[in-house]
1. Looking at the stretch 19-30, which of its residues are over 10 Å from Tyr117 (Cα atoms) and within 11 Å of the ligand (Cβ to nearest atom)?
2. Which residues, counting only those in the stretch 9-62, are in contact (Cβ under 8 Å) with a residue 24 or more places away in the chain, part of a strand (DSSP E or B) and over 20 Å from Val90 (Cβ atoms)?
3. If I filter the stretch 72-110 down to residues being crowded, with 16+ Cβ neighbours inside 10 Å and hydroxyl-bearing (Ser, Thr, Tyr), which single residue comes out as modelled with the lowest pLDDT?
4. Among the residues of the stretch 165-185, what is the count of those that are farther than 20 Å from Tyr144 by Cβ and touching a residue at least 24 places away in the same chain (Cβ under 8 Å)?
5. Is it the case, given these coordinates, that Ala111 is more than 12 Å from the ligand (Cβ to nearest atom) and under 30 Å from Ala69 (Cβ atoms)?
6. Within the stretch 114-196, considering only strands (runs of 3 or more DSSP E) that don't extend past its boundaries, which have at least 2 residues that are more than 25 Å from Thr67 (Cβ to Cβ) and within 13 Å of the ligand (Cβ to nearest atom)?
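The values are calculated or read from the model by the stated rules, or taken from the named source; none is laboratory data. If you're wondering where the values come from, they're calculated on a predicted model, not measured in any experiment. Methodologically, a virtual Cβ is constructed for each residue, glycine included, from the backbone with ideal geometry; neighbour enumeration extends over all protein chains shown.
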Amino acid sequence: MSRAGAVVVRRATPADAEAITTIHVDAWRHNYRGLIAETTLASLDVAARAAAWRLQLEAGAAVFVGTPANTQAGTLAGTRADALLGWVSVGPFRQSESARPEVRSLTPGWAELYGFYVAPRAQRQGVGHALWQAALEWCLDQGYRDLGLWVLAGNVPAIRFYQRCGLRDLGLDQDFTIDAQPLVEKLMARTLASPV
Ligand SMILES: CC(C)(COP(=O)(O)OP(=O)(O)OC[C@H]1O[C@@H](n2cnc3c(N)ncnc32)[C@H](O)[C@@H]1OP(=O)(O)O)[C@@H](O)C(=O)NCCC(=O)NCCS
């Protein structure tokens, strides 16, 4: 378990599945309005996603969650001590036949941040940086030397956050769709050998 300011970070358990899903869906609806179609945001199904999360967590998925360290002090005052503030999931970089050749040759052996979501009420208070530190430590412990992630091209605040974490845009954007909506995602990455 690690602490950073008003946040305690721990490994997620299957019992966190529903809270993880709620944060995921709330953050999509709060932060992706204007980026992803309203019909998609309205149709997100918490129950189905929570069941899938429970299975992944039971299988040992590396997910870290942040909870309030001290509800009496700091900017997270008033948050229930048992409430999750956010989560990050990490593992081996997913390889796809449809990825462009540069991505397929670069990323084998890398770690990937699959998902990174802070509850809308807790954003911009340092929770993301505490979770980032936990994910980074896990990657280093596992022996990874490079870390990458895909971020929606229009998600400017997240891109800025990742730049502060030392990641850079590799200029290897790829097209994808959600519910037939054409979207673009950016590959951001950093080596883990240099200081955080
Ligand atoms: C991107 C995200 C994970 C970052 O988490 P976060 O908890 O908001 O991040 P932090 O609070 O640690 O840092 C965010 C910014 O707030 C600033 N900040 C931190 N504490 C602050 C405080 N007390 N007061 C004001 N600003 C603060 C940081 O300096 C940072 O600035 P920067 O964006 O210019 O680097 C989160 O905002 C989020 O869930 N966004 C929506 C979902 C999303 O886009 N996820 C990424 C998918 S790829």
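1. Scanning the stretch 19-30 gives Arg29, His30.
2. Correct list: Ile36 only.
3. Applying the filter and picking the extreme gives Thr79.
4. 7
5. yes
6. Details: elements: 146-152, 174-178, 181-191.
Answer list for the stretch 114-196: 146-152, 181-191.
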